[in-house]
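The values are calculated or read from the model by the stated rules, or taken from the named source; none is laboratory data. Values in this document were obtained by computation on a predicted structure and should not be read as measured data. Reconstructed Cβ throughout: ideal geometry from the backbone, glycine too, with neighbour counts over all protein chains shown. Note: areas computed on protein heavy atoms with side chains; ligands, DNA, RNA excluded. Shrake-Rupley method; radii C 1.70, N 1.55, O 1.52, S 1.80 Å.
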Amino acid sequence: MRDLITVVGLNHKTAPVEVREKLSFQESQLSDSFSLLKQLQGVKESAILSTCNRVEVYTVFKSDTSNTEDILTFLSEFHQVPVETFKDCIYALSDAHAIRHIFRVASSLDSMVVGEPQILGQFKDAYGLATQNKATGLILNRLFHKAFSVAKRVRTETRIANSAVSISFAAVELAKKIFDDLSACRVLLIGAGEMCELAAKHFINAGIYEIYITNRTFNRAIALAEDFGGQAVPFTDYAALFEKVDIILTSTGATEPIVTADVVAAAMKKRKNRPMFFIDIAVPRDVEEKVNDLANVYLYDIDDLKEVVTANQQEREKEARKAEAIIDEEVAQFLHWLDNLEVVPTIKQLRDHAEAIRQAELQKTLGKLKNLSEKDKQAIERLTQAIVNKLLHGPSVMLKQTEQNGAGSAVVETIRKMFNLD
Amino acid sequence: MYLYITILALALYAIGMTLAFVYVASPKPHYLKWIGKILLIGFIFHTFTFLLRYYQAGRFPITNLHESLTFFAWGLTLFLLILHYKYKGISVLFSFATPIVVLFLLLSLSVPTGLFPLAPILKSIWLPIHVILAFLGDAIFALTFCISIMYLIQEHRIKKKKIGKMTSLLPSLTLLDQLNYRLLTIGFPLLTLGIITGSIWAEYAWGSYWSWDPKETWSLITWLVYAALLHQRLTVGWRGKKAAWVAIIGFGLILFTFLGVNLLLSGLHSYGRWS
């Protein structure tokens, strides 16, 4: 049996944010977590990925000792949360399933916004922190590096990253098709709400020039402005900003449209027709539908954006299939490498390798020495066998010993490299 | 020899055009690099044809309809390549502009291509200046025509909320509009100077700066349309769809001035006739 790679974790699909919050790890807690994990029975290597959307513990168990229940207990004890409260949200995967899962996470196929680029950075950070704490070893090192290259392959060989999936992502992509360079764009956020704030965050990440925030409750605007590094504007004054802002996100609780076509038309004149992009996330809507009829003004409400997302979704599904094929291929390769780490096949291969060399050299020499008697030939044959056996004795014993004490993989890897067995 | 090299350039342009169509069907970024390289090689051969013509004829090589058509195609390719190497993300323009290059080069080969002696009246230093300025201006406006069409497609898509493959393929509205404006500020002076040098030359040749022959009249109409566009852009901030439509109409007028006048109306510029 080979060592077992396992993933125990939960993500945005399996667990609500309240549960994820409770189980997430701070960077400062990691050093303690890793020493606790190391003490678990059979754990050889470990790493922890903790983002706002997922918490995952990666471990390599000594063969035959894998016990994911221990990891659950560890999570529960470490965060002082009863196991029952999160047990149903947990997925525990091992071996090929675990490897596939890790590759999918790194390639952003398992993300809330599939194809979003941040996860790879978070994944690299998680690996960096695990190595700093000396928690990873041969197998996880190799697995993480492989995951980085798989993510890169998926990024370059499929267009998964190109297609917008989430609504706010779609809004940013659309803005790029209108304005080209978002770093020159000013954004105005009218009202608040989770969706609207998420969209604003996406725009900020895309590198907009400036953000203004307005809200009926001015304090709320000030708080958000602080969060976003923007400027708060009194609710009575925001229309004056239409002259200079390019992208407007609205999500107020108003029952009637608060942005009328007349106001926008007047602003367009002052703007010398520089384009404006309204994103109306409110239901009922905040922006008059007629606004979209004005030249150089584009209005998308929540339904329009949803439609954009579903159109992209089809494109994305096609690309996702391509990505899954890449991952299948890489998982198979990794399993192959893992198989080869095993002791017994390595000893056999080592012997076969030596035997092949012995035979070849023997034939060469015997071919030259034509006048040897049969007895002499047998003596030479025995001589070569003895040399090979004596030479291989050391490595073979070492391999067998390490198999028993469970630290085989590194030795196997070294010996395979030394004798060029791969 | 001259014809063979012209056909070779045409063949390279046609390959570039085909690849540009393939790019629209399956957009792989490295295709654009290839198209650029193929067009560049075609362009080098094309450039060589003018040198050869100059050597063979012993005169300035852009005097008749064949020569002006091929020079127009040359100018268009020149600016297309400049845009390709200068601006990121605009290269899908290949798919819109290469058909015009190929069409005009084909057209140039379908009219008499022989070396005709130059009418004595046309011999003047103002001839090359006038012709080069006018046709380079025309080539610029051909590009604004293509970019305007791209703009209208993209605008329509975004306005009507039909987001898809085409939207991601085409550049952003702002980039297209800015490029149109920038090209207008280059094309318009060329056109203006082309008309001025033309009238100076007319004074030399026919003894009158302006004689209202159809080509002159239509050039003036074209000039007025572009002048109005430039004026509106600068003062009231005309842009986007309106500006794109005017650029398309402007290029329609250029085509009529260039070809239609020769075909349909007669006048002093009759040396540009079809046969």
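Some observations on this one:
- Count of Lys pairs (Cα-Cα under 23 Å; at least 8 positions apart or interchain) in the range A:4-157: 20
- Set of aspartates and glutamates near A:Lys390 by C-alpha distance (under 14 Å), chain-local residues within fewer than 8 positions excluded: A:Glu355
- Accessible area per residue was computed with a 1.4 Å probe on protein heavy atoms; A:Asp293 scores about 120 Å².
- The range A:1-32-the range B:23-38 distance, computed between alpha-carbon centres (Å): 44
- Accessible area of the range A:1-90 divided out per residue, in Å², using a probe of 1.4 angstrom: 46
- The figure for B:Ser208 is an accessible area of roughly 40 square angstrom, using a 1.4 Å probe on the protein chains alone.
- Shown here for the range A:104-193: trypsin sites (Lys or Arg not before Pro) in loop regions (DSSP other than H, G, I, E, B) with at most 15 other Cβ atoms within 10 Å, namely A:Lys134.
- Listed by chain and number, the lysines placed with their C-alpha closer than 23 angstrom to that of B:Lys215 are B:Lys123; residues fewer than eight positions away on the same chain are left out.
- Across peptide A:297-310, the mean count of Cβ atoms from other chains lying within 10 Å of each residue's own Cβ comes to 2.
- Rounded tilt (10° steps) of B:240-255 against the dominant C-alpha axis of chain B: 30
- Remark: mean inter-chain Cβ contacts per residue of B:152-159 equal 3, using a 10 Å Cβ-Cβ cutoff to other protein chain atoms.
- The value given for chain A is a Kirkwood hydrodynamic radius of 25.9 Å, derived from the mean inverse Cα-Cα separation.
- Dipole moment magnitude, nearest 20 debye, the range A:174-327 about Cα centre, only Lys, Arg, Asp, Glu C-beta charged: 420
- For the range B:122-275, the spread of Cα positions along each principal axis, largest first, Å: 58, 35, 22
- Percent carbon-and-sulfur accessible area, the range B:122-275, ignoring ligands, DNA and RNA, probe 1.4 Å: 70
- In terms of accessible area, using a 1.4 Å probe and ignoring ligands and nucleic acids, B:Ile90, A:Ile387 rank largest first as A:Ile387, B:Ile90.
- Protection proxy ranking, highest mean first, for peptides B:2-10, B:97-105: B:97-105, B:2-10, where packing is the per-residue count of other beta-carbon atoms within 10 Å, averaged.
- Candidates per trypsin sites (Lys or Arg not before Pro) in the range B:142-194, loop by DSSP, up to 10 other Cβ within 10 Å: B:Lys160
- Volume per residue of the convex hull around the Cα atoms, evaluated for chain B, comes out as 121 Å³.
- Summed over both chains, the contact between A and B buries some 1800 Å² of accessible surface at a probe radius of 1.4 Å.
- Other protein chain Cβ atoms within 10 Å, averaged over every residue that makes up B:240-253: 1
- Each Cα pair under 8 Å and six or more residues apart adds its sequence gap; the mean of these over the residue count of chain A is a relative contact order of 13 percent.
- Computed [θ] at 222 nm, helices only, for the protein assembly as shown once each DSSP H run of length n ≥ 4 contributes -39500 (n - 2.57): -21500 deg cm²/dmol
- Between 0 and 90 degrees, the angle of helix A:343-368 with respect to the longest Cα principal axis of chain A falls at about 50 degrees.
- Element breakdown for the range A:52-210 at a 1.4 angstrom probe: carbon and sulfur atoms account for 48% of the accessible area.
- Whichever lysines have a C-alpha closer than 16 Å to that of B:Lys86, once near sequence neighbours (fewer than 8 apart) are set aside: B:Lys33, B:Lys37
- The range A:167-309: relative contact order in percent, alpha carbon pairs under 8 Å with at least 6 residues between: 23
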